[in-house]
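Written out below as structure tokens is the structure these notes cover.
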Amino acid sequence: MNHETPVLRIRTGARLHCGLFSDPQPRGKLHQGFGFMIDQPSVNLQGRVSSETEVKIQSDVDNTLGNHCDNILSRIQSTIQKCESNWPDVRQQLSMAVHEIILPHIGLGSGTQLDLATGFLWTKLARIECSPLDLAQVINRGKRSTIGTYGFMFGGILIDAGVEHEQELGRCRFRKDLPADWRFVLATPRKLFGYSGTEELQAFDKLTSISEHELQTLENYLQIIENHTNDFDVLSETLREYGNLIGDTFSQVQGGRYRDPICQQIYDVMFANGIRGIAQTSWGPTMFGLCENQEQAGEISQILRESFSDIEISIARPMNLGAIAEWVQPGEEKTEPVGHLD
């Protein structure tokens, strides 16, 4: 991508979602839950105004995506079309390049981060003032959970407030930084994917209401998390118990507490080796463990590699900022969190 015109870059984090629950009573809160933003994997895009629209995936990214490439390109084009429909008076063509991507359908929030990053590039290059929350409405994100949307804006640990009806845009009731020394170990079974699209909607439709006791327990867990965010031991225990209960409430549609039996095996190895904060993110198949420092994360990563031959292991840091954007001009670079870039 040549630099004759200013280039805008944006890099997001990934989202870990520990699961949703809803109050089945009339006017009860739907889609409550919590999650984290981590610094990798990431969506990394750059774009500039051009004479014609083109979207390219860098060759190294193309190799890792396999048959997901067409879906990624279609998703970017769809987001651009939504922006064009919302601002019909804007006439601009963009040249965009995909330098990093989050693999779709493994529980890391790839769709929300890619859509928001694409929409952010389009609106900023068009000099349109549009907050990420307003942008989320334009591109139809944040209707069930807002962890990915608010995570794109602010990072950290986040708790969904829930909504009173399905069409309402959700909001975040709590957000806080996590200690910088903490680490997340991600374990993703290869060639296994979580639900998405129509399959995901059908799965939600098949869910039965949770009991009053389960509802109260889950709401209590969220309160504990809010009150003890930076207490590693308390957060770890609560994360695991929350994830187990959420998994049980979803077992009727995913065939067990987790997406696949290998996910339970990953959980068992982590737990047997001292990790207490363990959960499946979203529909999986990625499992993650919360570690107190890099040393512990390295040790459990090595144990997992020795225990399994068919999973991808990585270590991520907490991401306590929103996505990072920067203008790149000859001799000048300006980097700021999303929402603060002029």
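Rounded to the nearest 20 debye, the dipole size of the chain about its Cα centre is 440 debye, using +1 on the Cβ of Lys and Arg and -1 on the Cβ of Asp and Glu.
Over all distinct Cα-Cα pairs of the stretch 106-176, the Kirkwood formula returns a hydrodynamic radius of 12.5 Å. Straight-line cross-link reach from Lys56 at under 23 Å between alpha-carbon atoms covers these lysines, not counting any fewer than eight positions away in the same chain: Lys82, Lys124. Cα convex hull, the chain: 136 Å³ per residue, rounded to a whole number. The largest accessible area among Lys143, Lys206, Lys191, Lys56 belongs to the first residue in Lys191, Lys206, Lys56, Lys143, and the rest follow in falling order (1.4 Å probe, all chains). Label the stretch 157-238 by shape, choosing from rounded, prolate and oblate, from the square roots a ≥ b ≥ c of the eigenvalues of the Cα gyration tensor; if a/c is under 1.5 it is rounded, and otherwise prolate applies when a/b is larger than b/c, oblate when it is not. Oblate.
For the stretch 65-169, averaging the sequence separation of C-alpha pairs within contact (under 8 Å, six or more residues apart) and dividing by the residue count gives a relative contact order of 24 percent. Projecting the alpha carbon convex hull of the stretch 213-292 along each direction and taking the average yields 5.2 nm².
Helix content alone sets the calculated 222 nm mean residue ellipticity of the chain: runs of n ≥ 4 DSSP H residues at -39500 (n - 2.57) each, divided across all residues, give -11500 deg cm²/dmol. Amide H contacts for Ser50 (H built 1.01 Å from N in the peptide plane; partners 5 or more residues away or on another chain; cut-off under 5 Å): Gln93, Leu94, Ser95. Protein heavy-atom accessible surface, 1.4 Å probe, per residue over the chain: 44 Å². How much net charge surrounds Lys56 when only the other residues with a Cβ under 13 Å from the Cβ of Lys56 are counted, with Lys and Arg +1 and Asp and Glu -1? So the environment of Lys56 carries a net charge of -3. Helix 232-249 and the longest principal axis of the Cα set of the chain meet at an angle near 90°. Counted over all Cα-Cα pairs of the stretch 160-304, pairs farther apart than 29 Å make up 19 percent.
Using a 1.4 Å probe over the heavy atoms of the protein chains, calculate the carbon and sulfur portion of the accessible area of the stretch 15-110 as a whole percent. C and S fraction of accessible area: 42 percent. Quick check on the stretch 8-151: take the gyration tensor over C-alpha atoms, sort the square-rooted eigenvalues as a ≥ b ≥ c, and tell me if it's rounded (a/c under 1.5), prolate or oblate. Judged from the Cα gyration tensor, the stretch 8-151 comes out oblate (a/c at least 1.5, b/c at or above a/b). Element breakdown for the stretch 217-310 at a 1.4 angstrom probe: carbon and sulfur atoms account for 41% of the accessible area.
Relative to the longest principal axis of the Cα atoms of the chain, helix 69-86 runs at roughly 70 degrees.
The values are calculated or read from the model by the stated rules, or taken from the named source; none is laboratory data. In this text the structure is predicted, and so the values were computed from the model without any measurement. Here the Cβ is made from the backbone with ideal geometry for all residues, glycine too, and neighbour counts use every protein chain on show. These area figures cover heavy atoms from the full protein model, side chains too; ligands, DNA and RNA do not enter into them. Shrake-Rupley method; radii C 1.70, N 1.55, O 1.52, S 1.80 Å.
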